[in-house]
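The values are calculated or read from the model by the stated rules, or taken from the named source; none is laboratory data. None of these values were measured; they are calculated from a predicted model. Cβ placement follows ideal geometry from the backbone for every residue including glycine, while neighbour counts extend to all protein chains displayed. Note: areas computed on protein heavy atoms with side chains; ligands, DNA, RNA excluded. Shrake-Rupley method; radii C 1.70, N 1.55, O 1.52, S 1.80 Å.
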Amino acid sequence: MAKYVDPISGQGQHELAIAPAVSVEFSNTSEAIRADSAEPFAVKVKVRSQLTSPADAAVHIAAPQGWSVEPASQSVHLEHEGDTSEAQFTVRPKLDGETHYDLKAIADYAGKQFTQGFDVVSRSDLDTFYYYYPATLDVSAVDVHVPSRLRVGYIMGAGDEIPATLQQLGIDVQTIAPAALATTDLSRFDTVVVGIRAYDVSTDVRNNNAKLLDFASRGGTLVVQYNQSISSFNAGHYTPYPATVANQRVTVEEAPVEILEPQSPILNYPNKISQRDFDGWVQERGLYFMGDWDQHFHALLSTHDPGEQALKGGLLVAQYGRGTYIYTGYAFFRQLPAGVPGPIRLFVNLLSAGTRSEHEGHEGK
(Lines give C-alpha, C1' and ligand atoms only; values in the text may rest on other atoms or scores of the structure.)
Protein backbone atom coordinates (compact mmCIF):
# COMPACT_ATOMS: atom_id res chain seq x y z
CA MET A 1 0.00 0.00 0.00
CA ALA A 2 1.14 3.54 -0.73
CA LYS A 3 0.28 6.50 1.51
CA TYR A 4 -0.84 9.84 0.12
CA VAL A 5 -2.30 13.10 1.37
CA ASP A 6 -5.90 13.75 0.37
CA PRO A 7 -6.65 17.53 0.28
CA ILE A 8 -10.11 16.95 1.77
CA SER A 9 -9.95 13.95 4.06
CA GLY A 10 -6.30 14.10 4.99
CA GLN A 11 -3.92 11.14 4.81
CA GLY A 12 -5.04 8.04 2.95
CA GLN A 13 -3.61 4.98 1.26
CA HIS A 14 -4.18 3.00 -1.90
CA GLU A 15 -2.71 -0.01 -3.63
CA LEU A 16 0.66 0.56 -5.23
CA ALA A 17 0.28 0.03 -8.98
CA ILE A 18 2.73 -2.34 -10.64
CA ALA A 19 2.92 -2.05 -14.42
CA PRO A 20 5.13 -3.64 -17.08
CA ALA A 21 8.01 -1.54 -18.41
CA VAL A 22 6.23 -1.43 -21.75
CA SER A 23 2.69 -2.50 -22.53
CA VAL A 24 1.40 -3.66 -25.89
CA GLU A 25 -2.06 -4.02 -27.43
CA PHE A 26 -3.78 -4.28 -30.80
CA SER A 27 -5.74 -1.24 -31.95
CA ASN A 28 -8.83 -3.49 -32.15
CA THR A 29 -9.54 -6.74 -30.36
CA SER A 30 -11.18 -8.64 -33.22
CA GLU A 31 -10.98 -9.01 -36.99
CA ALA A 32 -13.55 -10.70 -39.22
CA ILE A 33 -12.43 -12.12 -42.55
CA ARG A 34 -14.18 -14.19 -45.16
CA ALA A 35 -13.24 -17.86 -44.99
CA ASP A 36 -12.87 -18.08 -48.78
CA SER A 37 -10.43 -15.19 -48.94
CA ALA A 38 -6.65 -15.21 -48.93
CA GLU A 39 -6.43 -11.43 -49.08
CA PRO A 40 -3.99 -9.80 -46.65
CA PHE A 41 -5.27 -7.43 -43.97
CA ALA A 42 -3.61 -4.69 -41.94
CA VAL A 43 -3.29 -4.67 -38.16
CA LYS A 44 -1.93 -2.00 -35.86
CA VAL A 45 -0.12 -2.57 -32.58
CA LYS A 46 0.26 0.16 -29.96
CA VAL A 47 3.19 0.17 -27.53
CA ARG A 48 3.20 2.32 -24.38
CA SER A 49 6.07 3.15 -22.03
CA GLN A 50 5.78 3.13 -18.26
CA LEU A 51 9.48 4.03 -17.91
CA THR A 52 10.91 7.33 -16.71
CA SER A 53 13.78 7.09 -19.20
CA PRO A 54 13.88 6.71 -23.03
CA ALA A 55 13.30 3.19 -24.36
CA ASP A 56 13.79 1.39 -27.66
CA ALA A 57 11.74 -1.74 -28.22
CA ALA A 58 11.08 -4.15 -31.08
CA VAL A 59 7.57 -5.34 -31.87
CA HIS A 60 6.56 -8.49 -33.72
CA ILE A 61 3.46 -10.63 -34.18
CA ALA A 62 3.20 -14.35 -33.50
CA ALA A 63 0.82 -15.84 -36.10
CA PRO A 64 -0.59 -19.33 -36.76
CA GLN A 65 1.48 -21.76 -38.78
CA GLY A 66 1.43 -21.00 -42.48
CA TRP A 67 0.51 -17.33 -42.01
CA SER A 68 2.93 -14.57 -43.00
CA VAL A 69 3.48 -11.18 -41.36
CA GLU A 70 5.30 -8.23 -42.91
CA PRO A 71 7.49 -6.72 -41.74
CA ALA A 72 8.79 -9.43 -39.44
CA SER A 73 9.60 -6.85 -36.75
CA GLN A 74 9.40 -3.12 -36.20
CA SER A 75 11.41 -0.83 -33.93
CA VAL A 76 9.72 1.79 -31.78
CA HIS A 77 11.25 4.60 -29.72
CA LEU A 78 9.53 5.87 -26.58
CA GLU A 79 11.05 9.00 -25.11
CA HIS A 80 8.95 9.64 -22.02
CA GLU A 81 6.73 7.86 -19.55
CA GLY A 82 3.27 7.56 -21.04
CA ASP A 83 4.48 7.91 -24.63
CA THR A 84 2.89 5.59 -27.20
CA SER A 85 4.02 4.44 -30.61
CA GLU A 86 2.06 2.53 -33.24
CA ALA A 87 3.39 -0.14 -35.59
CA GLN A 88 1.46 -1.44 -38.59
CA PHE A 89 1.79 -4.93 -40.06
CA THR A 90 0.33 -6.71 -43.06
CA VAL A 91 -0.97 -10.19 -42.30
CA ARG A 92 -1.60 -12.79 -44.99
CA PRO A 93 -3.73 -15.64 -43.62
CA LYS A 94 -3.83 -19.30 -44.53
CA LEU A 95 -7.33 -20.38 -43.66
CA ASP A 96 -8.83 -23.79 -43.05
CA GLY A 97 -12.57 -23.18 -43.04
CA GLU A 98 -14.71 -21.31 -40.55
CA THR A 99 -12.89 -21.02 -37.25
CA HIS A 100 -11.12 -18.58 -34.91
CA TYR A 101 -7.41 -17.79 -34.98
CA ASP A 102 -5.24 -15.80 -32.56
CA LEU A 103 -2.56 -13.26 -33.35
CA LYS A 104 -0.29 -12.26 -30.47
CA ALA A 105 1.65 -9.01 -30.22
CA ILE A 106 5.04 -9.14 -28.48
CA ALA A 107 7.34 -6.28 -27.51
CA ASP A 108 11.03 -7.06 -26.86
CA TYR A 109 12.76 -4.70 -24.46
CA ALA A 110 15.92 -5.10 -22.35
CA GLY A 111 16.08 -8.83 -22.98
CA LYS A 112 12.48 -9.46 -21.91
CA GLN A 113 9.25 -10.02 -23.80
CA PHE A 114 6.11 -8.09 -22.92
CA THR A 115 2.73 -9.42 -24.02
CA GLN A 116 0.12 -7.48 -22.05
CA GLY A 117 -1.83 -4.27 -22.27
CA PHE A 118 -3.85 -2.60 -19.53
CA ASP A 119 -6.59 -0.07 -18.94
CA VAL A 120 -6.93 2.22 -15.95
CA VAL A 121 -10.37 2.19 -14.34
CA SER A 122 -10.89 4.98 -11.83
CA ARG A 123 -13.70 6.39 -9.74
CA SER A 124 -13.29 8.81 -6.88
CA ASP A 125 -15.36 6.60 -4.58
CA LEU A 126 -13.89 3.25 -5.64
CA ASP A 127 -10.17 3.95 -6.00
CA THR A 128 -8.17 3.16 -9.14
CA PHE A 129 -7.82 -0.30 -10.67
CA TYR A 130 -5.63 -1.66 -13.43
CA TYR A 131 -7.22 -4.10 -15.83
CA TYR A 132 -4.62 -6.27 -17.55
CA TYR A 133 -5.26 -8.36 -20.67
CA PRO A 134 -3.17 -10.30 -23.18
CA ALA A 135 -2.21 -8.54 -26.41
CA THR A 136 -4.24 -10.89 -28.56
CA LEU A 137 -6.26 -10.28 -31.72
CA ASP A 138 -9.12 -12.71 -32.33
CA VAL A 139 -9.39 -13.35 -36.08
CA SER A 140 -12.72 -14.89 -37.03
CA ALA A 141 -12.87 -16.60 -40.43
CA VAL A 142 -16.53 -16.57 -41.47
CA ASP A 143 -18.14 -18.51 -44.30
CA VAL A 144 -20.28 -15.65 -45.60
CA HIS A 145 -21.46 -14.61 -49.05
CA VAL A 146 -21.71 -10.88 -49.77
CA PRO A 147 -23.41 -9.43 -52.88
CA SER A 148 -21.05 -7.50 -55.10
CA ARG A 149 -21.46 -3.72 -55.22
CA LEU A 150 -23.57 -3.66 -52.03
CA ARG A 151 -23.56 -0.06 -50.72
CA VAL A 152 -24.54 0.59 -47.12
CA GLY A 153 -25.08 3.81 -45.19
CA TYR A 154 -24.82 3.40 -41.41
CA ILE A 155 -26.33 6.10 -39.18
CA MET A 156 -24.48 6.07 -35.90
CA GLY A 157 -26.56 5.92 -32.73
CA ALA A 158 -25.32 5.45 -29.18
CA GLY A 159 -22.18 3.81 -30.58
CA ASP A 160 -21.33 0.33 -31.79
CA GLU A 161 -18.67 -1.40 -33.86
CA ILE A 162 -20.85 -3.03 -36.52
CA PRO A 163 -19.58 -0.77 -39.37
CA ALA A 164 -15.97 -1.80 -38.71
CA THR A 165 -16.87 -5.49 -38.87
CA LEU A 166 -18.77 -5.01 -42.14
CA GLN A 167 -15.82 -3.15 -43.65
CA GLN A 168 -13.48 -5.96 -42.62
CA LEU A 169 -15.68 -8.30 -44.67
CA GLY A 170 -15.25 -6.11 -47.72
CA ILE A 171 -18.64 -4.38 -47.62
CA ASP A 172 -18.79 -0.77 -48.83
CA VAL A 173 -20.01 1.01 -45.68
CA GLN A 174 -20.21 4.75 -45.13
CA THR A 175 -20.98 5.98 -41.64
CA ILE A 176 -23.40 8.89 -41.47
CA ALA A 177 -23.34 11.30 -38.54
CA PRO A 178 -26.91 12.12 -37.44
CA ALA A 179 -26.20 15.82 -37.92
CA ALA A 180 -25.41 15.14 -41.59
CA LEU A 181 -28.52 13.05 -42.23
CA ALA A 182 -30.65 15.96 -43.50
CA THR A 183 -28.17 16.80 -46.26
CA THR A 184 -27.00 13.27 -47.15
CA ASP A 185 -28.15 11.85 -50.48
CA LEU A 186 -29.45 8.43 -49.44
CA SER A 187 -30.23 7.34 -52.99
CA ARG A 188 -26.64 6.21 -53.51
CA PHE A 189 -27.11 3.45 -50.94
CA ASP A 190 -28.84 0.10 -51.36
CA THR A 191 -29.40 -0.14 -47.61
CA VAL A 192 -29.45 2.31 -44.72
CA VAL A 193 -28.95 1.00 -41.18
CA VAL A 194 -30.01 2.98 -38.13
CA GLY A 195 -27.58 2.26 -35.29
CA ILE A 196 -28.55 1.14 -31.83
CA ARG A 197 -30.59 3.64 -29.78
CA ALA A 198 -30.30 6.28 -32.52
CA TYR A 199 -33.85 7.52 -31.95
CA ASP A 200 -33.09 7.72 -28.22
CA VAL A 201 -30.03 9.91 -28.50
CA SER A 202 -30.44 11.95 -31.69
CA THR A 203 -32.96 14.67 -32.44
CA ASP A 204 -31.65 14.67 -36.02
CA VAL A 205 -32.66 11.05 -36.52
CA ARG A 206 -36.11 11.67 -35.09
CA ASN A 207 -36.61 14.79 -37.21
CA ASN A 208 -35.52 13.00 -40.40
CA ASN A 209 -37.54 9.83 -39.93
CA ALA A 210 -39.78 10.79 -42.86
CA LYS A 211 -36.68 10.95 -45.06
CA LEU A 212 -35.69 7.46 -43.97
CA LEU A 213 -39.14 6.06 -44.71
CA ASP A 214 -39.12 7.79 -48.08
CA PHE A 215 -35.81 6.09 -48.86
CA ALA A 216 -37.46 2.73 -48.22
CA SER A 217 -40.59 3.53 -50.18
CA ARG A 218 -38.49 4.41 -53.21
CA GLY A 219 -36.88 0.97 -53.24
CA GLY A 220 -34.22 1.04 -50.52
CA THR A 221 -33.84 -1.26 -47.54
CA LEU A 222 -34.10 0.40 -44.13
CA VAL A 223 -32.84 -1.58 -41.12
CA VAL A 224 -33.75 -0.13 -37.72
CA GLN A 225 -32.12 -1.52 -34.57
CA TYR A 226 -33.46 -1.41 -31.04
CA ASN A 227 -34.22 1.68 -28.97
CA GLN A 228 -34.44 1.82 -25.20
CA SER A 229 -36.82 4.74 -24.64
CA ILE A 230 -39.94 2.72 -25.32
CA SER A 231 -42.54 5.41 -24.63
CA SER A 232 -40.74 8.01 -26.78
CA PHE A 233 -40.23 5.66 -29.70
CA ASN A 234 -43.82 4.47 -29.61
CA ALA A 235 -45.17 8.01 -29.30
CA GLY A 236 -43.13 9.07 -32.31
CA HIS A 237 -44.83 6.54 -34.63
CA TYR A 238 -41.56 6.08 -36.53
CA THR A 239 -42.46 2.76 -38.17
CA PRO A 240 -44.19 2.72 -41.59
CA TYR A 241 -47.11 0.72 -40.17
CA PRO A 242 -48.33 0.53 -36.55
CA ALA A 243 -45.98 -1.35 -34.24
CA THR A 244 -45.19 -1.07 -30.55
CA VAL A 245 -41.83 -1.69 -28.91
CA ALA A 246 -42.05 -3.59 -25.62
CA ASN A 247 -39.64 -4.18 -22.77
CA GLN A 248 -39.03 -7.71 -24.01
CA ARG A 249 -35.60 -9.27 -24.05
CA VAL A 250 -33.99 -12.69 -24.14
CA THR A 251 -31.00 -12.75 -21.82
CA VAL A 252 -29.88 -16.35 -22.35
CA GLU A 253 -27.61 -16.39 -25.38
CA GLU A 254 -28.22 -20.12 -25.91
CA ALA A 255 -32.02 -19.72 -25.87
CA PRO A 256 -33.64 -21.79 -28.64
CA VAL A 257 -34.62 -19.93 -31.81
CA GLU A 258 -37.45 -21.07 -34.08
CA ILE A 259 -37.38 -20.08 -37.74
CA LEU A 260 -40.98 -19.05 -38.50
CA GLU A 261 -40.69 -18.39 -42.24
CA PRO A 262 -37.91 -20.64 -43.56
CA GLN A 263 -38.76 -19.73 -47.17
CA SER A 264 -38.39 -15.98 -46.60
CA PRO A 265 -35.85 -14.51 -49.05
CA ILE A 266 -34.17 -12.76 -46.12
CA LEU A 267 -33.35 -16.15 -44.59
CA ASN A 268 -32.05 -17.57 -47.87
CA TYR A 269 -30.10 -14.88 -49.73
CA PRO A 270 -27.21 -14.54 -50.00
CA ASN A 271 -26.73 -16.97 -47.10
CA LYS A 272 -28.95 -19.89 -46.15
CA ILE A 273 -29.89 -19.37 -42.49
CA SER A 274 -30.37 -22.52 -40.40
CA GLN A 275 -30.32 -23.54 -36.75
CA ARG A 276 -26.51 -23.60 -36.71
CA ASP A 277 -26.52 -19.84 -37.19
CA PHE A 278 -27.84 -19.42 -33.65
CA ASP A 279 -24.93 -21.28 -32.06
CA GLY A 280 -22.13 -19.48 -30.26
CA TRP A 281 -23.91 -16.19 -29.57
CA VAL A 282 -22.52 -14.05 -26.74
CA GLN A 283 -24.17 -12.37 -23.72
CA GLU A 284 -27.79 -12.31 -24.96
CA ARG A 285 -30.14 -13.00 -27.86
CA GLY A 286 -31.77 -9.61 -28.02
CA LEU A 287 -33.63 -6.79 -26.35
CA TYR A 288 -36.54 -4.41 -26.84
CA PHE A 289 -38.47 -6.64 -29.21
CA MET A 290 -41.73 -5.43 -30.73
CA GLY A 291 -44.73 -6.41 -28.59
CA ASP A 292 -47.41 -6.05 -31.26
CA TRP A 293 -47.47 -5.05 -34.91
CA ASP A 294 -49.63 -4.46 -37.96
CA GLN A 295 -50.34 -7.32 -40.37
CA HIS A 296 -48.01 -5.75 -42.94
CA PHE A 297 -45.11 -7.01 -40.80
CA HIS A 298 -43.87 -10.60 -40.96
CA ALA A 299 -42.14 -12.13 -37.93
CA LEU A 300 -39.26 -14.30 -39.11
CA LEU A 301 -37.94 -15.69 -35.81
CA SER A 302 -39.17 -16.66 -32.36
CA THR A 303 -37.19 -17.12 -29.16
CA HIS A 304 -37.62 -16.95 -25.39
CA ASP A 305 -35.81 -17.35 -22.10
CA PRO A 306 -36.35 -20.64 -20.22
CA GLY A 307 -39.85 -20.91 -18.81
CA GLU A 308 -41.12 -17.78 -20.55
CA GLN A 309 -43.47 -17.22 -23.47
CA ALA A 310 -42.26 -17.13 -27.07
CA LEU A 311 -41.27 -13.70 -28.35
CA LYS A 312 -41.69 -13.16 -32.08
CA GLY A 313 -41.03 -9.43 -32.34
CA GLY A 314 -37.23 -9.54 -32.56
CA LEU A 315 -37.05 -9.53 -36.36
CA LEU A 316 -39.93 -8.00 -38.32
CA VAL A 317 -39.97 -7.34 -42.06
CA ALA A 318 -42.47 -5.31 -44.08
CA GLN A 319 -42.71 -4.37 -47.73
CA TYR A 320 -43.05 -0.60 -47.88
CA GLY A 321 -43.67 0.97 -51.27
CA ARG A 322 -40.98 -0.41 -53.56
CA GLY A 323 -38.62 -1.15 -50.69
CA THR A 324 -38.22 -3.00 -47.41
CA TYR A 325 -38.46 -1.94 -43.77
CA ILE A 326 -36.78 -4.18 -41.16
CA TYR A 327 -36.91 -3.83 -37.38
CA THR A 328 -34.56 -5.93 -35.28
CA GLY A 329 -33.98 -6.22 -31.56
CA TYR A 330 -31.50 -9.07 -31.92
CA ALA A 331 -28.14 -8.16 -30.40
CA PHE A 332 -26.10 -7.86 -33.58
CA PHE A 333 -24.14 -5.05 -31.93
CA ARG A 334 -22.64 -7.66 -29.59
CA GLN A 335 -22.32 -10.55 -32.03
CA LEU A 336 -20.63 -8.93 -35.03
CA PRO A 337 -17.67 -7.37 -33.15
CA ALA A 338 -17.20 -10.75 -31.44
CA GLY A 339 -16.93 -12.43 -34.84
CA VAL A 340 -19.83 -14.84 -34.29
CA PRO A 341 -20.45 -16.39 -37.75
CA GLY A 342 -24.22 -16.99 -37.67
CA PRO A 343 -25.35 -13.47 -36.81
CA ILE A 344 -22.82 -12.09 -39.30
CA ARG A 345 -24.48 -14.14 -42.05
CA LEU A 346 -27.95 -13.09 -40.91
CA PHE A 347 -27.03 -9.40 -40.74
CA VAL A 348 -25.53 -9.54 -44.24
CA ASN A 349 -28.85 -11.00 -45.40
CA LEU A 350 -30.71 -8.06 -43.86
CA LEU A 351 -28.42 -5.66 -45.71
CA SER A 352 -29.00 -7.58 -48.95
CA ALA A 353 -32.80 -7.65 -48.80
CA GLY A 354 -33.14 -5.25 -51.73
CA THR A 355 -30.41 -6.70 -53.94
CA ARG A 356 -31.83 -10.18 -54.56
CA SER A 357 -33.87 -9.28 -57.64
CA GLU A 358 -30.87 -7.47 -59.13
CA HIS A 359 -28.75 -10.57 -58.49
CA GLU A 360 -31.34 -12.83 -60.13
CA GLY A 361 -31.45 -10.49 -63.11
CA HIS A 362 -27.71 -10.85 -63.61
CA GLU A 363 -28.02 -14.61 -63.15
CA GLY A 364 -30.64 -14.71 -65.91
CA LYS A 365 -28.33 -12.89 -68.26
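Count Lys and Arg as plus one, Asp and Glu as minus one, and take only other residues whose Cβ is under 15 Å from that of Ser27; the net charge is then -2. When shorter helices are ignored and each DSSP H run of at least 4 residues is given -39500 (n - 2.57), the per-residue value for the chain at 222 nm works out to -4000 deg cm²/dmol. Please build a GNM for the chain, connecting alpha carbons under 10 Å apart, and tell me which residue among Val43, Val348, Val194 fluctuates the most. Result: Val43 has the largest fluctuation of those listed. What lysines sit close enough to Lys312 to cross-link, taking a C-alpha to C-alpha distance under 23 Å and skipping anything fewer than 8 places away on the same chain? Output for Lys312: Lys272. Counting only Cα atoms, the size of the chain along its three principal axes is 68, 59, 47 Å, in decreasing order.
Under the combined filter of DSSP loop state and at most 14 neighbouring Cβ atoms within 10 Å, region 53-132 retains none of its chymotrypsin sites (Phe, Trp or Tyr not before Pro).
Quick check for you: with a 1.4 Å probe and neighbouring chains kept, what is the accessible area per residue of region 1-90, in Å²? Don't skip to the end; give the middle numbers.
Working: 5300 Å² over 90 residues.
On a per-residue basis, region 1-90 sits at 59 Å².
Within the accessible surface of the chain, defined with a 1.4 Å probe on protein heavy atoms only, the carbon and sulfur portion equals 47 percent.
For region 219-357, just say rounded, prolate or oblate: build the C-alpha gyration tensor, square-root its eigenvalues into a ≥ b ≥ c, call rounded for a/c under 1.5, and beyond that prolate if a/b exceeds b/c, oblate if not. Oblate is the answer for region 219-357, as a/c is 1.5 or above yet b/c matches or exceeds a/b. Of all lysines in the structure, those lying under 30 Å Cα to Cα from Lys104, and not within fewer than 8 positions of it along the same chain, are Lys44, Lys46, Lys94, Lys112. Take every Cα pair under 8 Å in region 12-93 that's 6+ residues apart, average their separations, divide by the length, and report that relative contact order as a whole percent. It comes to 34 percent, rounded to a whole number.
Projecting label points 7 angstrom from Cα along Cα→Cβ for His80 and Gln319 puts them 6.5 nm apart.
For the chain, DSSP calls about 75 percent of its internal beta bridges antiparallel.
With contacts taken as Cα pairs under 8 Å and at least 6 residues apart, region 166-293 reaches a relative contact order of 24 percent. Dividing the mean sequence gap of close Cα pairs (under 8 Å, 6+ apart) by how many residues the chain holds gives a relative contact order of 14 percent.
In plain terms, the chain from Val121 to His237 could stretch by 37.7 nm, reckoned as 0.36 nm per residue minus the Cα-Cα distance. More than 20 Å apart: what percent of Cα pairs in region 159-243 qualify? Value for region 159-243: 33 percent of Cα pairs lie more than 20 Å apart. Surface exposure of region 240-365, expressed per residue as accessible area with a 1.4 Å probe, stands at 42 Å². Under 19 Å from a label point set 7 Å out along the Cα-to-Cβ vector of Lys272, the amide N atoms of region 230-258 belong to 258.
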